[in-house]
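Heads up, the thing below is written out as structure tokens.
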Amino acid sequence: MTGKFITFEGPEGSGKTSVIKAVKEYLSNEGYDILTTREPGGIKIAEKIRDIILDKENTEMNAHSEALLFAASRSQHFTEKIVPALKEGKIILCDRFIDSSLAYQGHARGLGIDKVYEINKFAIGDHMPELTIFIDVPPEVGLNRVFSNTRKIDRLDLETIEFHQKVYEGYMILTKKFVDRFVVIDGTNPVETVIEDTIQVIRTYL
Ligand code: TMP
């Protein structure tokens, strides 16, 4: 496969969606063939699974089904959209991927990072992102942003602050576990700076 697979991670309200949009525009203008996508979602089946997982009414969903649904949506998204794009030589900018499952379900829900990694290996084999941009904002700052802007609030946003602190702690573990592919960007800076820093990292990588 000749393309490049780059993922973006961060707590709620880290601003990664705006950063991805700006990076896509910049790299496209430079002549790169870019595909942006997101998880959970990105294709019809996975968007349907997303609706089930994030529905605020589904309060009875247990941690195991949640982890399996994320992995199921990832499997479909990976084979249907990411693999073909990699074969076509595209640069993929993916809003969340396996590390979200490791931080949220593995660490914050307490299923265990290694256990959730195993389920995901069943879903996508040994494929991992080549570069992961982690946009670092403390959970309180991110949640404040989420609740003061217009984005739709979902089931996971409504988890306790302790849960979101665990998510952040999970990400900190991952930055050390996958030191070869994780790059941490300070997400508390103004958005223009976050975008510039991210472009710099990706340009160096490419
Ligand atoms: P988003 O708000 O960035 O679109 O992500 C949707 C929510 O789903 C967010 O709260 C993070 C969560 N999530 C997981 O818990 N595990 C996963 O594997 C993924 C991809 C997302």
For T175, state whether it is under 16 Å from L93 (Cβ atoms) and among the polar types (S, T, N, Q). no
Among (1) more than 16 Å from the chain's Cα centre (by Cα); (2) at pLDDT 95 or above, the one test that I133 misses: (1)
Search the range 83-104 for residues being more than 12 Å from the ligand (Cβ to nearest atom) and among the basic types (K, R), and hand back the single one that is most open to solvent (accessible area, probe 1.4 Å). K87
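The values are calculated or read from the model by the stated rules, or taken from the named source; none is laboratory data. This is a predicted model, so every value here is computed, not measured. Positions of Cβ are backbone-derived with ideal geometry, glycine not excepted, and every protein chain shown enters the neighbour counts. When the accessible area is computed, the model is the full protein with side chains, heavy atoms only, and any ligands, DNA or RNA have been set aside. Shrake-Rupley method; radii C 1.70, N 1.55, O 1.52, S 1.80 Å.
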